Amino acid sequence: MDKYKNLRYRLMETETWPLKYMFKFIIPNEEGKVDQVKDLLPKEGKVTFKHTANLKHVSVTSVALMKSADHIIEITEKVDKIEGVIVL
């Protein structure tokens, strides 16, 4: 079962590539997890961080020009493997 089947389908409907895509994740504010996610995101993208009020989590948003749906899925799958990360 492809966890990202719907995302892949929606992206494949888009005929305009490359496109600006927004990745959004909620990450536990634990040692190294934010850096792990940041390292997987496109280097040329704009990344913003926002802590929750209790500082237990960090919202990470990255907007980058992506070349294909497969590249978006690949990044999302890698980030999803990090324990505790919520993919939005």
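Just so you know, all these numbers are worked out from the coordinates, no wet-lab data involved. None of these values were measured; they are calculated from a predicted model. Positions of Cβ are backbone-derived with ideal geometry, glycine not excepted, and every protein chain shown enters the neighbour counts.
Counting only Cα atoms, region 5-87 measures 41, 24, 20 Å along its principal axes, largest extent leading.
Highest average first, the peptides 75-88, 46-59 ordered by how many other beta carbon atoms sit within 10 Å of their residues are 75-88, 46-59.
The charge dipole of region 1-73, taken about the Cα centre with unit charges on the Cβ atoms of Lys, Arg (+1) and Asp, Glu (-1), comes to about 200 debye, rounded to the nearest 20. Based on Cα contacts under 8 Å between residues 6+ apart, region 13-76 shows a relative contact order of 44 percent.
Counting DSSP beta bridges with both partners in the chain, what percentage is antiparallel, nearest 5? Around 100 percent of the beta bridges assigned by DSSP in the chain are antiparallel ones.
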